[in-house]
Amino acid sequence: VSVDDAVVTDTPVDLRGATPRQVQIIVTSRTTTLSGSVRDDAGQPAGRARVVVFADDSTMWGWRSRWIGSAEADANGRYALEGLLPGAYRVVAVPFLEDHSWRDPLILNRLHPVAAPITLREAAHTAD
């Protein structure tokens, strides 16, 4: 969603006012899937680890952002995240995070330096 050429999809915007505004809404099915496995320092599957994927650009972080995703690895360390938009991201696995705390920009700011960069394109990706 853009208003007057500014992307506002994940940002509240007030459309009331006397000045006409140009609003553009684009609907797409062109999303990505990120899947892989998490292993501990000994090379063993890290079951129940929390995998967090978030936009490299911190201006895209927010509680309802489509640029943030998370999944809990299964007992074998496998995870999958679907519906992410193509773009530049960071991915990190941690042993534990409180429910939905991975949407908090303060938490993401602490994870950013240790998260691996990844670019998601309109196709499935695997990260181990």
_Those residues of the stretch 43-61 which are farther than 18 Å from Pro117 by Cα and in contact with a strand residue (DSSP E or B) (Cβ under 8 Å, 6 or more places away or on another chain), in sequence order_ = Pro45, Ala46, Arg48, Ala49
*If you check Ser65, Ser70, which single one turns out to be under 17 Å from Thr31 (Cβ atoms), open to solvent by less than 60 Å² (accessible area, probe 1.4 Å) and not in a strand (DSSP E or B)?*
Ser65
*Does Gly43 satisfy the criteria of being open to solvent by less than 60 Å² (accessible area, probe 1.4 Å) and within 11 Å of the chain's Cα centre (by Cα)?*
no
*Restricted to the stretch 32-62, and to residues that are assigned to a loop (DSSP other than H, G, I, E, B) and within 23 Å of Glu122 (Cβ to Cβ), which residue is modelled with the highest pLDDT?*
Asp56
*Hey, can you tell me all the residues within the stretch 66-103 that are in contact (Cβ under 8 Å) with a residue 12 or more places away in the chain and of a type in the set (D, E, K, R)?*
Arg66, Glu72, Asp74, Arg78, Glu82, Arg90, Arg103
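The values are calculated or read from the model by the stated rules, or taken from the named source; none is laboratory data. Bear in mind that the values here come from a model prediction, so they are computed numbers and not experimental data. All Cβ positions, even for glycine, are placed from backbone atoms using ideal geometry, and neighbour counts span all protein chains on display. Remember, those area values only see protein heavy atoms, side chains included, never the ligands or the DNA or RNA. Shrake-Rupley method; radii C 1.70, N 1.55, O 1.52, S 1.80 Å.
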